[in-house]
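Every number in this text was worked out from the coordinates using simple rules, so none of it is lab data. Every value quoted in this text rests on a predicted model; they were computed, and no experiment measured them. Positions of Cβ are generated from backbone atoms using ideal geometry, with glycine treated the same way; all protein chains shown enter the neighbour counts.
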Amino acid sequence: SFVMEQKGRGLHVAVWTVNDIAEMHWMLEDLSIPILTDYPSYVSKMTHLSAIREKEYAEPALQTAACSSSN
């Protein structure tokens, strides 16, 4: 993509007026580029949901490890 090509050239990339939550997630999480938005609350909600998702994925692994070590 254009963004990745520019990052590969060592240029700093930022995007402004990203108001779609899916695009925010893609740019922040997958591309790791800063954004500007008219809806900053979307970013905090997205961050909160990502933290919950990580905890949900981590907990079963921790429970499995705890069960394995007690046997």
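For LEU31, what is the net charge nearby, where nearby means another residue's Cβ is under 11 Å from its Cβ and Lys, Arg count +1, Asp, Glu -1? Numbers along the way, then the final one.
Numbers: positive: LYS7; negative: GLU23, GLU29, ASP30.
Result for the neighbourhood of LEU31: -2.
If packing is taken as the mean number of other Cβ atoms within 10 Å per residue, what is the order of 24-30, 44-50, highest first? Before the final figure, lay out each step's value.
Values: 24-30: 15.3, 44-50: 12.4.
Highest-to-lowest ranking by the protection proxy: 24-30, 44-50.
For ILE35, what residues show an amide H to amide H distance below 5 Å, using hydrogens built from the backbone and excluding near sequence neighbours?
VAL15
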